[in-house]
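Visitor: Before anything else, here's the structure in question.
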Amino acid sequence: MLNYRQLHYFWVVAKTGSIVRACEQLNLTPQTISGQISLLEDTYGLPLFRRVGRQLELTETGRQVLPYAEQIFQLGNDLQSMLRMAPKEQQILFRVGVADVVPKSIVYRLIAPTMELDKPIRITCREDKLDRLLADLAIQRLDLVISDSPMPSHLDIKGLSQKLGECGISFFATATLARNYGENFPHCLNGAPLLIPGPETVIRSRLLRWLAEQKIQPRIVGEFDDSALMQAFGQSGIGVFIAPSVIAQEVMRQFDVELIGQTEAVTESFYAITVERKSRHPGIVAITEGARRELFTPASD
DNA sequence: ATTTATACGGTCCCGCCAGG
DNA sequence: CCTGGCGGGACCGTATAAAT
């Protein structure tokens, strides 16, 4: 059994950088701490510190051990401060996973309503590929996943998809690019360099189908799974890129690009995926209600 | 430049004490 | 009684400054 007391002393010494400073923090004498750390080292036969002059320095093993200790005791500290708080002030942990396909400012606008809850909330936001997020959702390491597609049916995970809303898409280009391809939308896109979302996205096939229907053949110069990456390339003037129309103003301002056209024929939808649970997380409620209230054209289902 | 004094950080040995 | 954790005091090696 791992001796957490010894590990704790190790952690404090490693963090403060010396036994003496650890003593002040722990209200112990150097012998005690030194002795306990030695015992820990002996248990596994691996030195954690190297004596360099008068200082202590972490060994390679010590450096490997430290992040574990860090997690263990940081979590412990979080637990304590949570318990010490009055029940009314206790923060609600809200862990959100965001598929990297989803544009950042959409994410922000979706999550923003949770900040206005009367209970203090602490949001953890992680961005990743959808399947990995869903895996974490399944083992309850996430409360909610925001994605551009509903819960895939082929996965054997219990999940509840809720459509947050949908909207048309807008095309953007830098001023230089817009001079050449900015007239007579959407036919100006013919031959225009275009950045498109990657094969994992839903919007991609809708976009390509629409372009084909319009008999428009752009020159596809890049594919991106990550919307932020696509915008960054778009900002540099490599090609025309798209974003949901609801954030058109923000995109133009943020990336200093011009709007060359909008269409409602291609829509992008956003979904909140949760695990089925009796008690609904207040953050989830805030997001779904907030999305209905202000963000998109009302969702049909 | 070398020696000496002092301070500092860590370790070793030993005895104490509480809990099983 | 044994064990784990603790502190007191002695001790060692090193850094820094002062004296020679």
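Coordinate-derived values only; no laboratory data. Computed from a prediction, not measured in an experiment: that's the story for all the values here. Here Cβ is always computed from backbone atoms with ideal geometry, including for glycine, and neighbour counts include all displayed protein chains.
Visitor: Please identify, among A:Glu258, A:Glu89, A:Glu24, the residue showing maximal mean-square fluctuation in a Gaussian network model of chain A using a 10 angstrom Cα cutoff.
Guide: Greatest mean-square fluctuation among the candidates belongs to A:Glu24.
Visitor: Still on this structure, I have one more. Exposure proxy check: A:Trp210, A:Trp11 ranked by fewest other beta carbons within 10 Å? Please list the in-between numbers first.
Guide: Values: A:Trp210 16, A:Trp11 20.
So the residues, fewest neighbours to most, are A:Trp210, A:Trp11.
Visitor: When chain A is treated as a GNM, springs tying every alpha-carbon pair under 10 Å, which of A:Lys163, A:Lys215, A:Lys104 comes out with the largest mean-square fluctuation?
Guide: Among A:Lys163, A:Lys215, A:Lys104, the largest mean-square fluctuation in the Gaussian network model of chain A belongs to A:Lys215.
Visitor: Find the relative contact order for the stretch A:167-267 and round it to a whole percent, using C-alpha pairs within less than 8 Å whose residues are 6+ positions apart.
Guide: Numbers: 186 pairs, mean separation 50.5, N = 101.
With pairs under 8 Å counted, the relative contact order is 50 percent.
Visitor: Given a Förster radius of 30 Å and the C-beta distance between A:Lys15 and A:Glu89 as r, what FRET efficiency does 1/(1 + (r/R0)^6) yield to the nearest 0.05?
Guide: Computed FRET efficiency for A:Lys15 and A:Glu89: 0.65.
Visitor: Per DSSP helix of 4 or more residues, -39500 (n - 2.57); summed, then divided by the residues of chain A. What does that give at 222 nm, rounded to the nearest 500? All intermediate terms of the calculation are to be shown ahead of the outcome.
Guide: Numbers: 11 runs with 123 residues, N = 301.
That comes out to -12500 deg cm²/dmol.
Visitor: Relative to the compact-globule scaling 2.2 N^0.38 Å, provide the ratio for the alpha-carbon radius of gyration of chain A. Before the final figure, lay out each step's value.
Guide: On the way: Rg = 26.1 Å, N = 301, 2.2 N^0.38 = 19.2 Å.
It is 1.35.
Visitor: Give me the percent of DSSP beta bridges within chain A that run antiparallel, rounded to the nearest 5.
Guide: Of those bridges, close to 60 percent are antiparallel.
Visitor: Fewest first, what order do A:Met85, A:Met252 take by the number of other Cβ atoms within 10 Å?
Guide: Ascending number of Cβ neighbours within 10 Å: A:Met85, A:Met252.
Visitor: Which residue, chosen from A:Ile273, A:Gln64, A:Gly182, occupies the Cα position most advanced towards the positive end of the dipole of chain A, where the dipole is computed from +1 (Lys, Arg) and -1 (Asp, Glu) charges on Cβ about the Cα centre?
Guide: Of the listed residues, the answer is A:Gln64.
Visitor: Sticking with this one: Report ³J(HN,Hα) in whole Hz for each residue of the stretch A:68-74, in order, from the Karplus equation J = 6.51 cos²θ - 1.76 cosθ + 1.60 where θ = phi - 60°; Gly and Pro get x.
Guide: 5, 4, 3, 4, 4, 7, 5
Visitor: Going Cα to Cα from A:Lys119, which aspartates and glutamates come in below 15 Å? Please leave out same-chain ones fewer than 8 positions away.
Guide: Within the straight-line limit of under 15 Å, A:Lys119 reaches these aspartates and glutamates: A:Glu89.
Visitor: Name the long-range amide H neighbours of A:Ser149: under 5 Å, sequence gap of 5 or more, or other chain; modelled H, no Pro or chain starts.
Guide: A:Tyr271
Visitor: Sticking with this structure for a sec: Out of A:Leu48, A:Leu155, A:Leu144, any idea which swings most in a Gaussian network model of chain A, alpha carbons joined below 10 Å?
Guide: A:Leu48
Visitor: Just to check I understand the Karplus step: with θ = phi - 60° and J = 6.51 cos²θ - 1.76 cosθ + 1.60, what whole-Hz values come out for the stretch A:128-144, glycine and proline as x?
Guide: With the stated coefficients, the stretch A:128-144 comes to 6, 6, 4, 5, 5, 5, 5, 4, 6, 5, 4, 9, 6, 8, 10, 8, 7 Hz.
Visitor: Fewest to most neighbouring Cβ within 10 Å: what's the order for A:Ser81, A:Ser18, A:Ser153, A:Ser105?
Guide: Fewest to most other Cβ atoms nearby, the residues stand as A:Ser153, A:Ser81, A:Ser18, A:Ser105.
Visitor: Note down the net charge around A:Gly17, summing +1 for each Lys or Arg and -1 for each Asp or Glu among other residues with Cβ under 15 Å from its Cβ.
Guide: That sum, taken over residues with Cβ under 15 Å, equals +3.
Visitor: Using the Karplus curve 6.51 cos²θ - 1.76 cosθ + 1.60 with θ = phi - 60°, what ³J(HN,Hα) values do you get for each residue of the stretch A:241-250, in whole Hz, with x for Gly and Pro?
Guide: 9, 10, 7, x, 5, 4, 10, 4, 4, 5
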